[in-house]
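Working notes, structure below.
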Amino acid sequence: MSVLFSIEVPSAPQGPLRAADITKDSITLSWQPPKDDGGSPLTGYILDKLDLQWGGWKRATKVPPTATSTTLTGLIKGHDYNFRIYAENRVGVSEPIELIDAVTAKSLIGKLDMQTKFYL
C-alpha cells in the first residue's frame, strides 16, 4: 500500500508584520515564519511595497527562507508606503500578511514601532 503525500503552498507568514527604523529612504520589516510549510521547505519570502502616492503594488525584494527581517532602501522621503509579505515554497506562494498601517518615509527622532505605535 502506498501513501500519497500532498504538497501545497505554505501558510502565510505569521504576523504581525512590523516596521522599525524608518528613515527618509529606508525601513526595516520583520515577521515570523508560517506555521505550515505546505510539506515542502520554504524557498524564500517575497516582499511587495505600495507607494500610496504612485499606486500599484510592486515587488520590492526576495528574502532567503532563513531570514525573518529585512531592510529596504530606496524609499522616497515624504511618501506613504504599505508593505506585504508572502512565504514561498516550490509549489507556490502563500497568502500575504500586510502592515496594519501605512508608514511615511521620514527621519524620526528615536525609533517608532509601527505595530504598537509607541516611541521606544
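Below are the figures for this structure:
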| quantity | calculated |
| --- | --- |
| Residues within the range 51-76 that are touching a Gly at 6+ places or on another chain (Cβ under 7 Å) and open to solvent by less than 80 Å² (accessible area, probe 1.4 Å), tallied | 3 |
| Every residue from the range 77-92 that is more than 14 Å from Asp25 (Cα to Cα) and open to solvent by 60 Å² or more (accessible area, probe 1.4 Å) | Arg90, Val91 |
| Residues within the range 1-15 that are at pLDDT 95 or above and open to solvent by less than 70 Å² (accessible area, probe 1.4 Å), tallied | 6 |
| The range 17-50: number of residues that are open to solvent by 50 Å² or more (accessible area, probe 1.4 Å) and either more than 30 Å from Ser107 (Cα to Cα) or not in a loop (DSSP other than H, G, I, E, B) (or both) | 9 |
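The values are calculated or read from the model by the stated rules, or taken from the named source; none is laboratory data. In this text the structure is predicted, and so the values were computed from the model without any measurement. A quick note on method: Cβ atoms are made from the backbone with ideal geometry, for glycine too, and the neighbour counts reach across all protein chains shown. Ligands, DNA and RNA are stripped out before the accessible areas are found, and what is left, the full protein with its side chains, is counted by its heavy atoms. Shrake-Rupley method; radii C 1.70, N 1.55, O 1.52, S 1.80 Å.
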